[in-house]
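Reviewing the structure listed below.
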Amino acid sequence: MASTDEFCGIDPEEMGRLASSLRGAADRLTAFSREFDGRLRQYGISAPELREITDIAGWGGEQVSMLNRRIDLITDLGAGAPEPGGAGGSSSLVRFPADLEALETARGLALMYGNIFVNFEGDFQAELIHEHAGEVAALAKNPQAAAAFYALLSPKVRDTLPGLIAATGSKTARKDLAAFGEALGAALRAPVLVPAFARVKTDLTEPAGSKAAAWQRLALLKGAGAPTDVRSAAARSLVLDDFTKNPRQDWRAGVPAETTAYGLPSDLVALGLEVLAGDAAAVRTAFAEMGGGEVKLTQVEKMKRFLGYAKGAGTGDEVADAFGQAMEAGTEAKTEKPGQHGPGAGAFALDVMRATGSFGDGLPAVARDSMVTIATSYIHEVTSGARFDKAVDRTSGMKTPENWTALPGVTPVFYLSPGDTHRFLKTFVGDERLTGDFDAAAARFRYDTLTAAGRLDAKSDENRFERISKMFGDLAGIEFKATLDVRGERDATDDLIRDITKNTLSLGIDRLPVVGGAVEAGWELTKAYGVSTLLDDWADSFETRVEKATGVRSDFVLRQKYDMAQILHEAGYPASDPPVDLVSKSTGGLKTYDELLAEAKREASGDKTWEQALREKLIPYERWMDANDSLDTKVEDSSRFQTSEQAKESLGIWG
């Protein structure tokens, strides 16, 4: 295909005069040939040269036909071009892409489909649509040809394509519509060099006149991969601006045959959100500008309006699911790395957390998956939002709170208040699976930041390790407090018991990698130790139930202590070499508490209980730590710092 900077300048009027002149010359040649051929034949003279003149005249006639087709093509595609002779000139030159043959091919397809949709029906019509859908998709390789196709396609066909294809009952409807969408997307993403396509683009981004017509346009755009400006403008003009101004309407627009054929929502609001969802900038632009100047709602209030509608509408699940997809896109939860979010995505994510957090556990269930996706991507922001050590009276915002102390490895783009953190966590902690997803991210983040802090303190001890330990203790407390609020004490503690049983007590020596099980186990222990002060009658309601579930007595404080010691040792914190018996053969590092426990159980015999065997193994561990005073003090302090009594008391004041 020709590149977009190659073009041909065509003057339709001059081309018309050329065609007329050529037609006249061809006619005169033909007349001359016939006249002299007749005269010469009277005298028995043969003149082959006259046949050549006739052939030349025939060629001229063919060129005239070609020029007339080009004139018609240029006239049709030139609609909307600047007025001839603009800027004081007298030329009627129209600029076009150089590949005119491709434009003629596109015209042929447009005329053919116009005929298919008007003059055929049923299965045969479906077969014809599908038979040539590949040719439409192929236009995407030449965006200007694709633009010509849509410019020349009947507006009635173009504006109802999804419905027309679905009405045939075709089993390939989804694939066929995708082919049309592929060509449209290519045309929309390219510079507008076909003047008439500018009108098509404008039509797609203007109000449609009815909800049914708007649904048809959005359905076509859904799979087009349209550029940001088109997605945002179309979604707003076709539904979202009107919804923001007046949400109390019946927004159902897609009929069952169409929604089933394409897997699209019937709700127009949901479809508008889905069109946005594939483009982060489109989502943010649409929400920032939604409703225009006459709407005075903040972005948070706009988000709440969608969620409120989703909770009350019969199509609420469609809307909530699409809203979640749009929020994931706008926050760039899957396209940017945790701790490296840009200010645009970050500011949007902050509003998402504030808006959805106001619903807490009342958030529509189908949107919760998206919230945990955002939470794990913004683990730096959620974790730092749980901090009670600095600026406890802070409000959520993009600016660093006054007197805030940054922690190494924690790089939030915005700052949540403890209350907003607690409320946002409530949007998904009621679901055990989603809580597990968040906990996996928290465990990984905890391990990485504690290890990094340990390495820094090993070089110059500034208590970074202790401060980060406290931060994660705060997070554990707030998360568990949110879980208690949503699911109740017994349900929440049952799940924590199961996690501890799975991730710590049941681990064997051969299944204790540095990352993975041991990392997750460390976070579960942090939660167990940290939330002990949140529950009444802790010993009865929690530890006793752990004993019942596992058959062993669990000393969580002890476990936390050894977990801290192992991380510090792996980070290279100064200490003497541990005794050989404390070095793991499987990892080469310091043995974990569970490795020692597993060994003790294997070595237990009739005259020695596993508890006695474990005590014997822990004695050299304790003596080694005692002999390394700095390490020992750091372990003790960091373990204690991970208690989170503040989560219960402070949230009542600052939440």
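Summary table
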read-out	value
Å² per residue, accessible surface of the stretch 217-268 at 1.4 Å	37
³J(HN,Hα), Karplus 6.51/-1.76/1.60, whole Hz, each residue of the stretch 407-424, x for Gly, Pro	10, x, x, 10, 10, x, 8, 9, 10, 8, 7, x, x, 5, 4, 4, 5, 5
Links that overshoot a 21 Å alpha carbon limit, given the list K245/K334; K245/K296; K459/K617; K222/K426	K245/K334; K459/K617; K222/K426
Karplus-derived HN-Hα couplings along the stretch 607-616 (A = 6.51, B = -1.76, C = 1.60, θ = phi - 60°), whole Hz, x at Gly and Pro	9, 9, 6, 5, 4, 5, 5, 5, 4, 4
Area accessible to solvent at T205, 1.4 Å probe radius, in Å²	40
Accessible area, probe 1.4 Å, largest first, for residues K302, K245, K296	K296, K245, K302
Residue-wise HN-Hα coupling along the stretch 446-463, computed from phi with Karplus coefficients 6.51, -1.76, 1.60 (Hz; x: Gly, Pro)	4, 4, 5, 6, 5, 5, 5, 5, x, 5, 5, 5, 5, 8, 8, 6, 10, 6
Interchain or long-range residues, amide H under 5 Å from R252's placed H	L268
Neighbour-limited loop hits for trypsin sites (Lys or Arg not before Pro), the stretch 323-409 (at most 10 other Cβ within 10 Å; DSSP other than H, G, I, E, B)	K399
Rounded percent of accessible protein surface that carbon and sulfur make up, the stretch 112-234, 1.4 Å probe	55
Per residue accessible area in Å² of the stretch 360-440, where ligands, DNA and RNA are left out and the probe is 1.4 Å	33
Accessible area of D317 in the full protein assembly, 1.4 Å probe (Å², nearest 10)	100
Area of W59 that stays accessible when all protein chains are in place (1.4 Å probe, Å², to 10)	140
Per-peptide average of other Cβ atoms within 10 Å, ordering 400-409, 186-195, 278-287, 265-274 highest first	265-274, 278-287, 186-195, 400-409
Within the accessible area of the stretch 327-419 (1.4 Å probe), percent carbon and sulfur	48
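The values are calculated or read from the model by the stated rules, or taken from the named source; none is laboratory data. As the structure is a prediction and not an experimental result, all values here were calculated from the model. Here Cβ is always computed from backbone atoms with ideal geometry, including for glycine, and neighbour counts include all displayed protein chains. Remember, those area values only see protein heavy atoms, side chains included, never the ligands or the DNA or RNA. Shrake-Rupley method; radii C 1.70, N 1.55, O 1.52, S 1.80 Å.
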